[in-house]
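Each reported figure results from applying straightforward, stated rules to the coordinates on display, with no laboratory input. For clarity, every value in this text was computed on a predicted model and none was experimentally measured. Every residue, glycine among them, receives a Cβ derived from its backbone with ideal geometry; neighbour counts consider all protein chains shown.
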């Protein structure tokens, strides 16, 4: 790539937040649909949005997750006295991920915004290895995510880094990459149902009984062990979320049936992706994943809901910077 | 070993339960002190205790953790129609671990009792690989532990298997061995203070705020990752228990000072072992462990408490059956 780019594209995967029992702490990037931000220098100060990528997304830079994240990067650059060739950056957003529904779309756009601004301001070989540190990029992307979906990094971190990521701490930010087991297939099913993150978070319990806490601690620990050892059956058994899933189940018509149907079709484990309504099922082969997709589609149909089905693997690339 | 032993010795390590934030789910066996059970066939039906190993320990087989566990094994043998050469088993217990205090003594004796009965009844090459399955042995030992310390396997499982062990599920029993990082040194400090497990458990919160749950999930996940990757610094940072430690701190004079002093002396992380009052500190070298031991001893002395200090490694052997 040229040393002084005027224009570039950042492509970022979505994925699963609240990975099973890993409420707010475990996320997984997925292959397939991605959000893109085309960024170019602009004579207009700050971040401008030429195209928000969808009629329902705000073009007001103070409200769009990508521009909020990018503005945070510009603020850091200004605080370090970086001389920019132009007063502002203009974004054209291409929304490959759904606007909402639990596929990590807001996080992907926030990461794309932060990485795009970083790569434009610090134009060296790799946008990710120059300018801001990984944790600074996460902090800037978090500003964007926080404005629309809440203060958590479990979608942000895998969207930036790829793979399965544990958020050990938010203050200070510390994330840990966890190996993704080979052969893991993820069936992502989004029923045609409106459910806001705000509504979905509002039903989470403010207090959790200690026996449930102990259960949840054990499952999250088992997930990490299973990822390291490649034990997919253990990974599946550990997808036993007793905090968010029981609370959200009443908001999700068809989910309980879809889960049961997926397990019968060979899924190793099933849970809700992010704040829902997207559900995900884990399995170990292409053939089984197709059966699971069919079974879940039929289950949602019985609840009167159409759905989209994606068969994915764990995305290992994370955010990518390309010449435009 | 002979194929029809009349007498054998089982030696079992103690260790840390509630390993840091891993309340009831993570434990670690430690080198050094061990409990032993000498078991021999007896004309008296059931389990008899010739010597309980300490004046304060019950010789009534219905109340002693080792004999309760062994009786559970005999019950399984009887239910399978195993013909035993004698109607009963007699135990001579040698108590190397403290009776209480958070070093896993009750669990070690329970495991020793179960393994001893198993090895005597099914006399093949290795007592652990014959007769009861691993999970059946855990269930029998759990009966002993439950009678004196509560229904949890976080001390039982590492005492049987050695190493660091995750208890994913109690019903059904499922435990997962986690690799122990090389170079890990554990400083185990027991102040001369009486604190019953009952009292120590009674102060645990029945409900936990969700923000604390999220924190605790992240730390337990980080511990597992750190053990797999050998990242001792991460392991230390993850020893940040915000459920049991804050609740028990008021019961533990000197602990807060000892923790702070250990961290200043180079400890990577410090927490309470089991239900306390034993504290443990993690570090990565022999020299640092000695410094930490000194610093913690001084801190407890300032609180008017003598203490015993043990420098340990992770025990990787677990329960051992030997000829008597």
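A few comments on the model shown:
- Crossing angle, helix A:286-302 versus chain A [Cα axis fit, 0-90 degrees, rounded to tens]: 80
- In terms of its alpha-carbon gyration tensor, the stretch A:135-189 comes out oblate; a/c meets the 1.5 threshold, while b/c is at least as large as a/b.
- Axis angle, to the nearest 10 degrees, between helix A:210-229 and the longest C-alpha principal axis of chain A: 70 degrees.
- For a label point 7 Å along the Cα-to-beta-carbon line of residue B:194, residues of the stretch B:34-63 with backbone N under 17 Å: B:55-58
- A:168, B:237, B:80 arranged by Cβ crowding within 10 Å, fewest neighbours leading: B:80, B:237, A:168
- Cα gyration tensor category, rounded, prolate or oblate, for the stretch A:72-205 with a/c compared to 1.5: prolate
- From the Kirkwood radius over Cα pairs of the stretch B:185-312, Stokes-Einstein at 4 °C and 1.567 mPa s returns a whole-number translational diffusion coefficient of 87 µm²/s.
- Partner shielding of A:165-176 amounts to 4, given as the average count of beta-carbon atoms from other chains within 10 Å of each residue beta-carbon.
- Relative to the current alpha-carbon distance between residue A:51 and residue A:202, full extension at 0.36 nm per residue lengthens the span by 51.2 nm.
- Global size of chain B as Cα Rg and Dmax, reported in angstrom: 19.4, 60
- Each of A:84, A:296, A:74 was scored by other Cβ atoms within 10 Å of its Cβ. Listed from fewest to most, they are A:84, A:74, A:296.
- Rounded to the nearest 10 degrees, the angle from helix B:255-264 to the longest Cα principal axis of chain B is 70 degrees.
- Least to most buried among A:315, A:154 (fewest other Cβ within 10 Å first): A:315, A:154
- Rounded, prolate or oblate (a/c below 1.5 giving rounded, otherwise prolate when a/b exceeds b/c) for the stretch B:157-241 by Cα gyration tensor: rounded
- Cα→Cβ-extended label distance, 7 Å offset, between residue A:133 and residue B:84, nm: 6.3
- Residue-averaged beta-carbon neighbours from other chains (10 angstrom radius) around B:202-211: 4
- Shielding by partners, peptide A:238-249 (average Cβ within 10 angstrom, other chains): 1
- Its relative contact order, with pairs defined as Cα atoms under 8 Å and 6+ residues apart, puts chain A at 25 percent.
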